[in-house]
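Take a look at the structure below.
Each value in this text was obtained by applying a stated rule to the coordinates, not by laboratory testing. This one's a predicted model, so the numbers in the text were calculated from it and none came from an experiment. Don't worry about glycine lacking a Cβ; one is built from the backbone with ideal geometry, like all the others, and counts go over all protein chains shown.
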Amino acid sequence: MSTEQTTPTPEAELTFADIGFAEPILRAVLEQGYTKPTPIQAQAMPHVLQGRDVMGAAQTGTGKTAAFVLPILQNILPLASSSASPARHPIRALVLTPTRELADQVADNAFKYAKYTDIRTAVVFGGVDMSAQTTLLRSGIELLIATPGRLLDHITQKTANLSQVQILILDEADRMLDMGFLPDLQRIIGLIPSQRQTLLFSATFSPEIKKLAQSYLRDPVTIEVARQNAAADTVQQIIHMVPSEKKKDAVVKVLNARIQKGLSRQAIVFTNSRIGCSKLASALERSGIKAGAIHGDKSQIERMQILESFKKGTMDVLVATDVAARGLDIADMPCVINHELPFNAEDYVHRIGRTGRAGAQGDAIALVDPSEERLLADIEKLMNRKLVRMPVPDPSGGVAADPFFYMPYRAKEDSSAATNSTNLNSDSAAGTASVNSTAKPSIKPTAKPVGALLGGFKKKS
């Protein structure tokens with residue numbers, strides 16, 4: 001097994017034009033204003049283009065999604081056809097994701113990069129009616145993005161045939177290979193030709209997951225561009241020790257303290273249960289904070305409506321279970337709050353990866369009850385660092401003069417120097433560079449960002 005291990009590096013010399021993408025794909029990338037790949041993209045793309053199996057580990061927000069989407073499109077492009085016959089459009093590449101949100105995000109951006117090709121792309125996931133998906137699949141699809149359960153539904157109804165799949169991609173592979181997904185995954189892989197290219201990408205890979213994943217790969221290249229299981233350096237992490245019964249009040253205090261210092265009150269708040277998620281959102285609403293909840297009991301339409309309100313800024317707080325931890329890519333998300341620590345330490349990395357994206361500064365605040373100290377110890381062990389513990393700020397008590405009024409509540413002007421030194425690294429970012437206030441970014445987008453995009457950093461004009 002060959003291994004390439006690196007740490008985040010300064011601006012890559014490689015450009016997307018240098019990698020050798022076909023003109024239609026390169027045109028779509030450049031149209032979005034992206035020119036230079038991130039480290040994970042620069043290292044993974046050549047191997048994927050060569051047909052090698054790859055395990056790619058990178059911090060959330062480093063552009064790992066585009067690291068497989070773009071070379072996949074390139075590899076299946078010679079087989080693309082303008083024929084209207086469904087037989088000329090078999091499924092050639094399959095992307096499996098653990099959540100509906102991630103599947104939708106990957107597909108949304110795959111559409112953008114395939115727009116000038118004859119490659120047909122579709123996404124299927126649960127929570128919505130199957131009829132429209134069935135129509136798409138029967139018309140012929142070359143690149144399919146799917147969640148395992150809904151894909152198996154279509155396989156059972158014989159509307160999806162995997163016999164010609166050449167490339168299999170497991171996005172967020174650690175979760176995909178979790179024991180809860182393994183039976184479905186094994187069934188799906190059993191329907192795919194053994195002579196295939198397999199790619200696994202994730203923000204985290206435990207040694208156990210690596211060992212399990214290698215059973216699906218042939219002589220894989222392992223690429224790690226960040227310290228394993230690390231959070232982005234742009235994320236400021238703080239722990240508040242808070243009894244469980246006072247956590248709701250602590251959330252309100254934290255949000256109000258941020259408002260006092262001129263920061264956005266928008267935040268994603270993570271809980272461990274669906275009931276707790278709904279209860280917390282309702283309690284925040286009663287406290288005068290506009291909040292919505294997304295979890296597995298919500299229909300896909302409800303979840304999409306709530307996410308849209310949050311992205312538009314008409315909602316201050318998105319309360320979510322881990323169903324939203326993977327795949328959410330919301331531009332300029334300033335803060336993530338762990339109302340409860342996750343039971344799996346790796347999920348903590350994914351949760352806080354929703355902030356500090358594209359080189360922007362982000363704050364990750366965890367409210368920890370004494371009963372959760374074992375979970376906190378597991379997180380610190382995984383990340384190989386001791387997290388800072390501080391008291392909860394009290395805006396009503398003259399918090400501005402409080403010596404514990406620390407980094408997560410700093411004024412924006414206090415952190416302008418940090419934000420001017422931008423590391424362009426996001427799943428919505430295809431260009432990564434470390435620049436200072438006088439250096440020009442490697443990517444010059446032509447318009448303001450509109451939602452999440454794979455493979456390119458969009459700097460607001």
Sorted by Cβ density within 10 Å, fewest first, the residues Thr198, Thr159: Thr159, Thr198
Karplus-derived 3J(HN,Hα), 6.51/-1.76/1.60, for each residue of the stretch 72-83, Hz, glycine and proline x: 4, 4, 4, 5, 9, 4, x, 9, 5, 9, 8, 5
The stretch 1-158: projected area of the alpha-carbon convex hull, averaged over directions, in nm²: 10.2 nm²
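How would Asp363, Asp233, Asp347, Asp219 line up from fewest to most surrounding beta-carbon atoms within 10 angstrom? Please report the intermediate quantities before stating the final value.
On the way: Asp363 24, Asp233 13, Asp347 21, Asp219 9.
The fewest-first ordering by Cβ neighbours comes to Asp219, Asp233, Asp347, Asp363.
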Three-way shape call for the stretch 150-204 based on the alpha-carbon gyration tensor, with the a/c threshold at 1.5: oblate
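Under unit Cβ charges (Lys, Arg +1; Asp, Glu -1), what dipole magnitude, rounded to 20 debye, does the stretch 205-316 have relative to its Cα centre?
Details: 19 positive and 11 negative charges, 66 e Å.
Charge dipole of the stretch 205-316: 320 debye, to the nearest 20.
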Under the Karplus curve 6.51 cos²θ - 1.76 cosθ + 1.60, θ = phi - 60°, whole-Hz ³J(HN,Hα) for the stretch 381-395, x wherever Gly or Pro sits: 5, 4, 8, 6, 7, 8, 8, 6, 9, 9, x, 5, x, 10, x
In sequence order, calculated HN-Hα J values of the stretch 271-286 (Karplus, 6.51, -1.76, 1.60; Hz; x Gly/Pro): 10, 9, 10, 5, 5, x, 4, 5, 5, 5, 4, 5, 5, 5, 4, 5
For Ile337, residues with placed amide H under 5 Å, excluding near neighbours: Ile268, Val269, Phe270, Ile365
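What ranking, highest mean first, results for peptides 103-109, 20-26 when packing means the other Cβ atoms within 10 Å averaged over each residue?
Numbers: 103-109: 23.3, 20-26: 16.6.
Top to bottom by mean Cβ count within 10 Å: 103-109, 20-26.
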Entries in Lys246/Lys279; Lys247/Lys386; Lys36/Lys381 that, when Cα-Cα distance is taken, lie over 25 Å: Lys36/Lys381
Test item: Cα-centred dipole of the stretch 247-305, Lys/Arg +1 and Asp/Glu -1 on Cβ, debye: 200 debye
Other-chain or far-sequence residues with amide H under 5 Å of Gln197's (modelled H): Ile167, Leu168
Electrostatic dipole magnitude of the stretch 2-224 [Cβ: Lys, Arg +1; Asp, Glu -1; Cα centre; debye, to 20]: 660 debye
Order of Lys386, Lys210 under a 10 Å beta carbon neighbour criterion, fewest first: Lys386, Lys210
